[in-house]
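**Student:** Can you keep this structure in mind? I'll have questions shortly.
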Amino acid sequence: MPPTDHAAWRALTEHRHELDGLHLRELFDRDPKRFERFHAFVGDVLVDFSKHRITDTTHRLLSELAEQAQVPAVREAMFKGEPINRTEERAVLHTALRHRGDAPVLEGKRNVMPEVREVLARMRAFADDVRAGRRRGRSGDAFTDVVNVGIGGSDLGPKMVTTALTPYHHQRLRFHFVSNVDPSDLQQVLEVVRPDTTLFLVASKTFTTQETMMNARSARAWFVERTGDQAAVGQHFAAISTNTEAVASFGVPPEATFGFWDWVGGRFSLWGAVGLSIMLAIGPERFDELLDGAYEADLHFRQAPVPENVPVILGMLGVWYHNFWGAATHAILPYDHNLSRFAAYFQQADMESNGKHVDRSGDPVAVDTGPIVWGEPGTNGQHAFFQLLHQGTRLVPCDFLAAARSHAPVGEHHEVLLSNFFAQTEALMRGRTAEEARAALLEHDASLSPERLSLLTAATSFEGNRPTTSFLYPLLTPRVLGTLIALFEHKIFVQGVIWEINSFDQMGVELGKALAADVLRDLRDGEPVTGHDASTNGLINAYKRMRRE
Ligand code: F6P
């Protein structure tokens, strides 16, 4: 059933008009208890959703829409391992990778937990050995550098979490991530590592991805050329993949191969073998804490009633803005520098999941689907794109994230950071009226001419009424990070259910890959090309000329 057919959707359409002209400032002035009613905790993470264009009626109708669209039933189907990824006929069970309970997790009739725990145990043993210096390089020296070679979900998750948990890193080990097929990416890493003390992790679910395989082969060639020791490849390369045959033919021995399963989507895979670089960085115990935090969010998502269910609330707020208020984008703004890759990670997780044009039956979708997700850490963003957030003509709902305590306490830095975090969400919500702007201008310079006063009043007024969600947590620990990531993951799931789409395939990435293969054939010979459109022919021929000259 298209989402627009639900009674709650129709009611929300009406209700949306009732909110025209209502300002968030007014909602706060009317109700001093608004924060009390519109915030929640999941574990240690406080989620404040009071700075949204919602009333109790909105909250009730959004909850009803979630119920009518069967969010609880589809959620159960996911946790129970039903093949909800219909195009690929697969279950969606990344939650099994962080399942901490004793109950079995079934894919069809099979309990997947023994295999999940077996891989985790092998990862632990491997990570412990590398960290303790028991597993060493060819010359007998302990490893000093770990290079993860992967792209998309096999890069963004490990890179985001490894960066986020820098304060927990093993002292001896440095971490590098090579993803781009652009040779500069690999080259810049190879320039700073030594072959004898470098461990490469080749991460690829399929082990066929062009960029990863090319980087992995070039890294292997570099290693063999520098060491003259082909036999040591197995000692310096580990692999993470569902395709164990391809891994073996690459030259990685079984004991350094870590598998996973087709029911783990690449963009949800950091919780298992793809997280090996994370485990090497922070150690198995801390990795367990990351899983614990995610499991806590999973339990909340599975058990909390819809109106109090944080991922459901977050998902429904997204639907509210994207489908009822015309917001096309969503910004993720961590006031936590260690989360500098958080927005990039969720850009893939969200846009690859919900950037879909047909519904679960293959019919064109009835409403707009996934938002454009973007963001940068604060306070940097304030000096770049916040102008548009505050005074632009487009509505951009934002997520703000911050820790109460810093891992790097230096002077008053953290208080200053947090003062900006609180001030920005308040400013976006309140804005500044023309009267307030005029008063501020006159206080500064009482002699302003009427023309200038009017010009500057217009320029320094802020409409406000800009919605934000704040996430506040005590400290960015592995556990807190696990909770945060799982909350955002489930939010994406909820939106996919409302939009009636399959959030777990990514067919849209294929066309470009197929065309690139054709173009590569054209680039290999020196002849002018004529087989494409005029623009592509012109560009390729100019490229060939530039290379010759
Ligand atoms: O092309 C997109 C994609 O398939 C992503 O979904 C995936 O995370 C990435 O490529 C890498 O795939 P793999 O892990 O198989 O190398």
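**Student:** Given the criteria surrounded by 15 or more Cβ atoms within 10 Å (Cβ to Cβ), of a type in the set (S, T, Y), in contact with a His (Cβ under 9 Å, 6 or more places away or on another chain) and at pLDDT 95 or above, does S406 qualify?
**Tutor:** Numbers: surrounded by 15 or more Cβ atoms within 10 Å (Cβ to Cβ): yes; of a type in the set (S, T, Y): yes; in contact with a His (Cβ under 9 Å, 6 or more places away or on another chain): yes; at pLDDT 95 or above: yes.
Criteria met by S406.
**Student:** Please determine whether any residue of the stretch 93-111 is open to solvent by less than 50 Å² (accessible area, probe 1.4 Å), farther than 30 Å from L201 by Cα, modelled with pLDDT of 95 or more and polar (S, T, N, Q).
**Tutor:** no
**Student:** Tell me the helices (runs of 4 or more DSSP H) entirely within the stretch 205-267 that contain at least 2 residues that are farther than 21 Å from R136 by Cα, more than 10 Å from the ligand (Cβ to nearest atom) and touching a helix residue (DSSP H, G or I) at 6+ places or on another chain (Cβ under 8 Å). It would help to see each step written out before you state the result.
**Tutor:** On the way: elements: 210-227, 233-236, 244-250.
Correct list: 210-227.
**Student:** If I ask for residues that are open to solvent by 50 Å² or more (accessible area, probe 1.4 Å), away from the ligand (no atom under 16 Å from the Cβ) and either aliphatic (A, V, I, L, M) or in contact with a strand residue (DSSP E or B) (Cβ under 7 Å, 6 or more places away or on another chain) (or both), which ones from the stretch 492-529 would you list?
**Tutor:** Listed by number, the residues that qualify are L520, L523.
**Student:** Hey, another quick one. Among the residues of the stretch 151-167, which ones are away from the ligand (no atom under 16 Å from the Cβ) and surrounded by 22 or more Cβ atoms within 10 Å (Cβ to Cβ)? Give the steps one after another, and end with the answer.
**Tutor:** Here is the first cut: in the stretch 151-167, the residues away from the ligand (no atom under 16 Å from the Cβ) are 162-167.
T162, A164, L165, listed by residue number.
**Student:** Ok, one more. Where residues in the stretch 133-150 are farther than 30 Å from Y345 by Cα and open to solvent by 10 Å² or more (accessible area, probe 1.4 Å), which of them is nearest to the ligand (Cβ to nearest atom)? Full working, then the answer.
**Tutor:** Here is the first cut: in the stretch 133-150, the ones farther than 30 Å from Y345 by Cα are 133-142.
Adding the requirement that they be open to solvent by 10 Å² or more (accessible area, probe 1.4 Å) leaves 134-136, 138-142.
On the way: R134: 29, R135: 24, R136: 28, R138: 27, S139: 31, G140: 33, D141: 30, A142: 29 Å.
In this case the residue turns out to be R135.
**Student:** Would you pick out the residues in the stretch 268-287 that are more than 13 Å from the ligand (Cβ to nearest atom) and either of a type in the set (S, T, Y) or open to solvent by 20 Å² or more (accessible area, probe 1.4 Å) (or both)?
**Tutor:** Selection gives S277, E285, R286.
**Student:** Moving to a separate point now. List the pairs whose first member sits in the stretch 328-347 and is over 22 Å from A404 (Cβ atoms), whose second member is part of a helix (DSSP H, G or I) and open to solvent by 20 Å² or more (accessible area, probe 1.4 Å), and whose Cβ atoms are under 8 Å apart, counting only residues at least 6 apart or on separate chains?
**Tutor:** From the stretch 328-347, the pairs are A344/L156; Y345/L156; Y345/K159.
**Student:** Considering each residue of the stretch 194-239, count those that are within 19 Å of V181 (Cβ to Cβ), touching a strand residue (DSSP E or B) at 6+ places or on another chain (Cβ under 7 Å) and among the aliphatic types (A, V, I, L, M), and give that number.
**Tutor:** Within the stretch 194-239, the first condition is being within 19 Å of V181 (Cβ to Cβ), and the residues that meet it are 200-223, 237, 239.
Okay, now just the ones that are also touching a strand residue (DSSP E or B) at 6+ places or on another chain (Cβ under 7 Å), so 200-205, 207, 212, 215-216, 219-220, 237, 239.
The next check asks that each one be among the aliphatic types (A, V, I, L, M); those that pass are 201-203, 216, 219, 239.
Here the count works out to 6.
The values are calculated or read from the model by the stated rules, or taken from the named source; none is laboratory data. The shown structure was predicted, so the numbers you read here are calculated from the model rather than taken from an experiment. Note that we place each Cβ from the backbone using ideal geometry, even for glycine, and neighbour counts take in every protein chain shown. For the accessible areas, the whole protein counts, side chains as well, though only heavy atoms, and no ligand, DNA or RNA atoms are used. Shrake-Rupley method; radii C 1.70, N 1.55, O 1.52, S 1.80 Å.
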